[in-house]
Amino acid sequence: MVVDERGHSRRQILKGAIGAAGLVLGAPVLRLTAAAAQGPSESTGILRLSDDLFVVRIPGESNVIAHTSADGVLLVDGASARASGALTKAISGLPAGGRVHTIFNTHWHPEVTGSNEQLGQAGKTIIAHENTRLWLTTDVTWPWNGDRFKRLPKIAQPNKTFYTTGALGSGIRYGYIPDAAHTDGDMYVYFAQQNVLAVGDAVSGQGWPVVDYVTGGWIGGIVGGLQRLQTLANEETRIVPGRGPVLGLKDLKSQYEMYGTIYDRLSQLLNKGRGPGEAVAAQPTKEFDAQMGNPDEFVRRAFESLWAYVSPDA
Ligand SMILES: [Zn+2]
(Lines give C-alpha, C1' and ligand atoms only; values in the text may rest on other atoms or scores of the structure.)
Protein backbone atom coordinates (compact mmCIF):
# COMPACT_ATOMS: atom_id res chain seq x y z
CA MET A 1 0.00 0.00 0.00
CA VAL A 2 1.38 3.37 -0.99
CA VAL A 3 1.80 6.04 1.62
CA ASP A 4 1.55 9.49 0.19
CA GLU A 5 3.97 12.28 0.89
CA ARG A 6 1.82 14.38 3.13
CA GLY A 7 1.44 12.89 6.53
CA HIS A 8 0.55 13.56 10.08
CA SER A 9 -0.99 12.17 13.16
CA ARG A 10 -1.52 12.59 16.85
CA ARG A 11 1.95 11.26 17.44
CA GLN A 12 3.49 14.31 15.99
CA ILE A 13 1.36 16.66 18.01
CA LEU A 14 2.42 14.80 21.10
CA LYS A 15 6.02 14.96 20.06
CA GLY A 16 5.68 18.68 19.59
CA ALA A 17 4.00 19.03 22.94
CA ILE A 18 6.65 17.05 24.70
CA GLY A 19 9.25 19.08 22.91
CA ALA A 20 12.15 16.77 23.65
CA ALA A 21 14.10 14.38 21.49
CA GLY A 22 14.77 10.85 22.58
CA LEU A 23 11.44 10.06 24.18
CA VAL A 24 9.83 6.86 23.06
CA LEU A 25 7.58 7.57 20.12
CA GLY A 26 3.96 7.37 20.97
CA ALA A 27 4.41 7.85 24.68
CA PRO A 28 1.52 10.17 25.49
CA VAL A 29 2.18 13.19 27.61
CA LEU A 30 -0.17 12.23 30.41
CA ARG A 31 1.32 8.80 30.67
CA LEU A 32 4.81 10.18 31.06
CA THR A 33 3.58 12.43 33.81
CA ALA A 34 1.81 9.61 35.57
CA ALA A 35 4.72 7.23 35.18
CA ALA A 36 7.08 9.78 36.65
CA ALA A 37 4.83 10.22 39.65
CA GLN A 38 3.30 6.93 40.67
CA GLY A 39 3.30 4.39 37.90
CA PRO A 40 0.40 4.21 35.49
CA SER A 41 -1.49 1.31 37.02
CA GLU A 42 -1.97 3.27 40.24
CA SER A 43 -4.45 5.58 38.67
CA THR A 44 -6.15 3.31 36.16
CA GLY A 45 -9.85 4.07 36.28
CA ILE A 46 -12.77 1.77 35.55
CA LEU A 47 -16.02 3.30 34.40
CA ARG A 48 -18.94 0.90 34.72
CA LEU A 49 -21.47 1.22 31.89
CA SER A 50 -23.48 -1.85 32.89
CA ASP A 51 -22.96 -5.10 34.80
CA ASP A 52 -20.92 -6.49 31.95
CA LEU A 53 -19.54 -3.45 30.14
CA PHE A 54 -16.74 -1.15 31.29
CA VAL A 55 -14.43 1.57 30.08
CA VAL A 56 -10.86 1.00 31.26
CA ARG A 57 -8.94 4.25 31.52
CA ILE A 58 -5.19 4.06 31.84
CA PRO A 59 -3.72 7.54 32.15
CA GLY A 60 -2.50 8.86 28.83
CA GLU A 61 -3.98 5.94 26.89
CA SER A 62 -7.00 5.67 24.66
CA ASN A 63 -10.23 4.39 26.17
CA VAL A 64 -10.51 0.61 26.21
CA ILE A 65 -13.96 -0.97 26.38
CA ALA A 66 -14.25 -4.36 28.06
CA HIS A 67 -17.27 -6.63 27.77
CA THR A 68 -17.37 -9.57 30.17
CA SER A 69 -19.29 -12.80 29.67
CA ALA A 70 -19.04 -16.51 30.45
CA ASP A 71 -16.70 -16.78 27.46
CA GLY A 72 -14.24 -14.27 28.86
CA VAL A 73 -13.54 -10.69 27.93
CA LEU A 74 -14.03 -8.86 24.66
CA LEU A 75 -12.13 -5.62 24.13
CA VAL A 76 -12.59 -2.64 21.89
CA ASP A 77 -9.02 -1.39 21.39
CA GLY A 78 -6.02 -2.42 23.40
CA ALA A 79 -3.97 0.65 24.38
CA SER A 80 -0.33 1.04 23.40
CA ALA A 81 2.23 -1.72 23.75
CA ARG A 82 3.72 0.07 26.73
CA ALA A 83 0.41 -0.15 28.55
CA SER A 84 -0.61 -3.68 27.64
CA GLY A 85 0.61 -5.02 30.99
CA ALA A 86 -1.37 -2.42 32.92
CA LEU A 87 -4.37 -3.21 30.75
CA THR A 88 -4.13 -6.95 31.43
CA LYS A 89 -3.97 -6.21 35.13
CA ALA A 90 -6.98 -3.91 35.02
CA ILE A 91 -9.02 -6.45 33.07
CA SER A 92 -8.24 -9.25 35.50
CA GLY A 93 -9.68 -7.06 38.24
CA LEU A 94 -13.06 -6.57 36.56
CA PRO A 95 -16.12 -8.26 38.02
CA ALA A 96 -16.33 -11.57 36.15
CA GLY A 97 -13.17 -10.57 34.36
CA GLY A 98 -11.25 -13.38 32.77
CA ARG A 99 -9.09 -13.95 29.78
CA VAL A 100 -9.55 -11.88 26.67
CA HIS A 101 -10.98 -13.90 23.79
CA THR A 102 -11.54 -11.16 21.20
CA ILE A 103 -10.29 -7.66 20.50
CA PHE A 104 -11.49 -5.08 18.00
CA ASN A 105 -9.03 -2.64 16.48
CA THR A 106 -11.01 0.52 15.68
CA HIS A 107 -8.10 1.58 13.42
CA TRP A 108 -4.43 0.78 12.92
CA HIS A 109 -2.71 3.36 15.17
CA PRO A 110 -0.14 2.01 17.64
CA GLU A 111 -1.90 3.53 20.61
CA VAL A 112 -4.86 1.19 20.12
CA THR A 113 -3.15 -1.93 18.71
CA GLY A 114 -0.48 -2.39 21.38
CA SER A 115 -2.01 -5.57 22.78
CA ASN A 116 -2.31 -7.29 19.41
CA GLU A 117 0.95 -9.17 19.58
CA GLN A 118 0.30 -10.63 22.99
CA LEU A 119 -3.26 -11.60 22.08
CA GLY A 120 -2.33 -12.92 18.67
CA GLN A 121 0.34 -15.14 20.14
CA ALA A 122 -2.27 -16.50 22.53
CA GLY A 123 -4.47 -17.40 19.57
CA LYS A 124 -7.15 -14.83 20.25
CA THR A 125 -9.44 -13.25 17.67
CA ILE A 126 -8.39 -9.82 16.40
CA ILE A 127 -11.16 -8.14 14.39
CA ALA A 128 -10.64 -5.09 12.20
CA HIS A 129 -11.68 -3.56 8.93
CA GLU A 130 -9.63 -4.92 6.06
CA ASN A 131 -7.99 -1.52 5.50
CA THR A 132 -6.75 -1.55 9.08
CA ARG A 133 -5.18 -4.94 8.52
CA LEU A 134 -3.51 -3.68 5.36
CA TRP A 135 -1.98 -0.70 7.18
CA LEU A 136 -0.66 -3.05 9.82
CA THR A 137 1.06 -5.17 7.16
CA THR A 138 3.11 -2.27 5.85
CA ASP A 139 5.55 0.26 7.26
CA VAL A 140 4.03 3.71 7.55
CA THR A 141 6.02 6.94 7.52
CA TRP A 142 4.76 10.35 8.39
CA PRO A 143 6.97 12.56 6.22
CA TRP A 144 5.88 15.58 8.20
CA ASN A 145 8.16 14.69 11.10
CA GLY A 146 9.79 11.52 9.87
CA ASP A 147 8.03 9.25 12.34
CA ARG A 148 8.10 5.68 11.10
CA PHE A 149 5.97 2.78 12.17
CA LYS A 150 7.02 -0.75 11.48
CA ARG A 151 4.47 -3.23 10.28
CA LEU A 152 3.24 -5.58 12.96
CA PRO A 153 4.45 -9.16 12.96
CA LYS A 154 2.02 -11.48 11.22
CA ILE A 155 0.84 -12.97 14.51
CA ALA A 156 -0.19 -9.49 15.71
CA GLN A 157 -2.16 -8.56 12.62
CA PRO A 158 -5.95 -8.77 12.59
CA ASN A 159 -6.97 -12.35 11.87
CA LYS A 160 -10.65 -11.67 11.18
CA THR A 161 -11.48 -8.77 8.89
CA PHE A 162 -14.62 -7.40 7.32
CA TYR A 163 -15.68 -4.82 4.76
CA THR A 164 -19.10 -3.60 5.80
CA THR A 165 -20.69 -5.03 8.94
CA GLY A 166 -20.60 -8.02 11.23
CA ALA A 167 -22.12 -9.40 14.41
CA LEU A 168 -21.16 -11.51 17.40
CA GLY A 169 -23.25 -13.08 20.14
CA SER A 170 -24.66 -11.01 23.02
CA GLY A 171 -26.10 -8.41 20.66
CA ILE A 172 -22.76 -7.05 19.54
CA ARG A 173 -22.80 -5.50 16.08
CA TYR A 174 -19.98 -3.77 14.32
CA GLY A 175 -19.39 -1.95 11.09
CA TYR A 176 -17.22 0.17 8.91
CA ILE A 177 -17.28 3.97 9.07
CA PRO A 178 -16.41 4.54 5.43
CA ASP A 179 -16.22 8.31 5.63
CA ALA A 180 -12.55 8.19 6.75
CA ALA A 181 -12.87 10.48 9.73
CA HIS A 182 -9.58 9.45 11.29
CA THR A 183 -8.18 6.77 8.96
CA ASP A 184 -9.64 4.79 6.06
CA GLY A 185 -10.19 1.80 8.34
CA ASP A 186 -12.37 3.32 11.06
CA MET A 187 -15.01 1.12 12.65
CA TYR A 188 -17.67 1.20 15.33
CA VAL A 189 -18.85 -1.48 17.74
CA TYR A 190 -22.42 -1.31 19.01
CA PHE A 191 -23.47 -3.14 22.16
CA ALA A 192 -27.21 -3.36 21.62
CA GLN A 193 -28.19 -4.73 25.02
CA GLN A 194 -26.37 -1.93 26.82
CA ASN A 195 -27.04 0.68 24.11
CA VAL A 196 -23.38 1.64 24.01
CA LEU A 197 -21.66 2.70 20.82
CA ALA A 198 -17.86 2.57 20.65
CA VAL A 199 -16.50 4.80 17.92
CA GLY A 200 -12.72 4.93 18.40
CA ASP A 201 -11.03 8.07 17.17
CA ALA A 202 -13.63 8.68 14.47
CA VAL A 203 -15.04 11.01 17.12
CA SER A 204 -12.91 13.02 19.49
CA GLY A 205 -14.27 13.50 22.97
CA GLN A 206 -11.33 15.59 24.06
CA GLY A 207 -10.03 18.56 22.10
CA TRP A 208 -9.39 18.88 18.41
CA PRO A 209 -9.12 15.56 16.58
CA VAL A 210 -6.16 14.21 14.71
CA VAL A 211 -6.58 14.17 10.94
CA ASP A 212 -4.30 11.33 9.85
CA TYR A 213 -4.40 11.93 6.13
CA VAL A 214 -1.43 9.67 5.48
CA THR A 215 -3.82 6.78 5.95
CA GLY A 216 -6.91 8.39 4.56
CA GLY A 217 -8.47 10.56 7.26
CA TRP A 218 -9.86 13.96 6.27
CA ILE A 219 -12.02 16.81 7.54
CA GLY A 220 -14.90 15.86 5.26
CA GLY A 221 -14.74 12.38 6.78
CA ILE A 222 -15.09 13.81 10.26
CA VAL A 223 -18.31 15.52 9.18
CA GLY A 224 -19.56 12.46 7.31
CA GLY A 225 -18.72 10.13 10.15
CA LEU A 226 -20.57 12.27 12.67
CA GLN A 227 -23.60 12.28 10.42
CA ARG A 228 -23.48 8.53 9.91
CA LEU A 229 -22.98 7.71 13.58
CA GLN A 230 -26.06 9.74 14.52
CA THR A 231 -28.12 7.26 12.56
CA LEU A 232 -26.79 4.44 14.75
CA ALA A 233 -27.60 6.16 18.05
CA ASN A 234 -30.70 7.28 19.89
CA GLU A 235 -31.24 9.72 22.76
CA GLU A 236 -30.18 7.14 25.34
CA THR A 237 -27.13 5.78 23.55
CA ARG A 238 -23.85 6.22 25.36
CA ILE A 239 -21.11 6.90 22.86
CA VAL A 240 -17.55 6.07 23.85
CA PRO A 241 -14.88 7.87 21.80
CA GLY A 242 -11.22 6.94 21.71
CA ARG A 243 -10.35 9.86 23.93
CA GLY A 244 -12.29 11.77 26.54
CA PRO A 245 -15.57 11.25 28.35
CA VAL A 246 -18.65 9.33 27.29
CA LEU A 247 -20.78 11.34 24.86
CA GLY A 248 -24.43 11.44 23.88
CA LEU A 249 -26.36 11.96 20.66
CA LYS A 250 -26.54 15.70 21.31
CA ASP A 251 -22.75 15.83 21.38
CA LEU A 252 -22.61 14.19 17.95
CA LYS A 253 -25.11 16.76 16.71
CA SER A 254 -23.19 19.74 18.03
CA GLN A 255 -19.88 18.35 16.76
CA TYR A 256 -21.48 17.77 13.37
CA GLU A 257 -22.54 21.42 13.22
CA MET A 258 -19.14 22.65 14.27
CA TYR A 259 -17.07 20.52 11.91
CA GLY A 260 -19.51 21.20 9.10
CA THR A 261 -18.93 24.92 9.57
CA ILE A 262 -15.16 24.46 9.65
CA TYR A 263 -15.24 22.21 6.61
CA ASP A 264 -17.14 24.83 4.62
CA ARG A 265 -14.71 27.55 5.57
CA LEU A 266 -11.64 25.49 4.75
CA SER A 267 -13.14 24.44 1.42
CA GLN A 268 -13.72 28.08 0.54
CA LEU A 269 -10.14 28.94 1.42
CA LEU A 270 -8.90 26.08 -0.73
CA ASN A 271 -11.04 27.22 -3.63
CA LYS A 272 -9.51 30.67 -3.32
CA GLY A 273 -6.10 29.14 -3.71
CA ARG A 274 -5.01 29.69 -0.13
CA GLY A 275 -2.42 27.51 1.59
CA PRO A 276 -2.32 25.86 5.04
CA GLY A 277 -0.58 28.83 6.69
CA GLU A 278 -3.17 31.19 5.33
CA ALA A 279 -5.91 28.87 6.48
CA VAL A 280 -4.54 28.99 10.01
CA ALA A 281 -4.28 32.78 9.81
CA ALA A 282 -7.91 33.03 8.69
CA GLN A 283 -9.03 31.59 12.05
CA PRO A 284 -11.73 29.32 10.67
CA THR A 285 -12.42 27.88 14.12
CA LYS A 286 -12.50 31.21 15.94
CA GLU A 287 -15.77 30.90 17.85
CA PHE A 288 -14.92 27.37 19.02
CA ASP A 289 -11.40 27.94 20.28
CA ALA A 290 -12.29 29.01 23.81
CA GLN A 291 -13.96 25.64 24.32
CA MET A 292 -11.69 23.46 22.17
CA GLY A 293 -8.21 24.90 22.65
CA ASN A 294 -5.50 26.03 20.27
CA PRO A 295 -6.61 24.95 16.80
CA ASP A 296 -3.49 25.59 14.72
CA GLU A 297 -2.30 21.99 14.33
CA PHE A 298 -5.80 20.80 13.63
CA VAL A 299 -6.54 23.51 11.08
CA ARG A 300 -3.31 22.87 9.22
CA ARG A 301 -3.93 19.13 9.01
CA ALA A 302 -7.58 19.52 8.19
CA PHE A 303 -6.72 21.90 5.38
CA GLU A 304 -3.98 19.65 4.02
CA SER A 305 -6.38 16.72 4.17
CA LEU A 306 -8.55 18.51 1.62
CA TRP A 307 -5.76 18.31 -0.92
CA ALA A 308 -6.11 14.57 -1.15
CA TYR A 309 -9.88 14.71 -1.64
CA VAL A 310 -11.00 17.88 -3.32
CA SER A 311 -7.98 19.79 -4.53
CA PRO A 312 -8.72 21.58 -7.82
CA ASP A 313 -5.19 20.68 -8.88
CA ALA A 314 -5.51 16.99 -8.15
ZN1 LIG B 1 -5.82 7.10 16.29
For the chain, what is the charge dipole size about the Cα centre, in debye to the nearest 20, if Lys and Arg each add +1 at the Cβ and Asp and Glu each add -1 at the Cβ? 540 debye
Probe radius 1.4 Å, ligands and nucleic acids ignored: give me the carbon and sulfur share of the accessible area of the chain as a rounded percent. 50 percent
Chain lengthening between residue 165 and residue 227 when straightened (0.36 nm per residue, less Cα-Cα): 20.6 nm
Exposure ranking of 142, 208 by accessible area [1.4 Å probe, largest first]: 208, 142
Residue-normalised value, i.e. accessible area per residue, for the range 149-232 at 1.4 Å probe, in Å², stands at 35 Å²
So the angle from the long Cα axis of helix 296-310 to the longest Cα principal axis of the chain, reported in degrees to the nearest 10, equals 80 degrees
Heavy-atom accessible area of residue 264, protein chains in place, probe 1.4 angstrom, given in Å² to nearest 10, is 80 Å²
Could you work out the local net charge near residue 252, counting Lys and Arg as +1, Asp and Glu as -1, over the other residues with Cβ closer than 14 Å to its Cβ? -1
GluC sites (Glu not before Pro) restricted to DSSP loop in the range 226-259 with at most 11 other C-beta within 10 Å: 235, 236
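The values are calculated or read from the model by the stated rules, or taken from the named source; none is laboratory data. All values reported here derive from a predicted model rather than from experimental measurement. Note: ideal-geometry Cβ built from the backbone for every residue, glycine included; neighbour counts use all protein chains shown. Note: areas computed on protein heavy atoms with side chains; ligands, DNA, RNA excluded. Shrake-Rupley method; radii C 1.70, N 1.55, O 1.52, S 1.80 Å.
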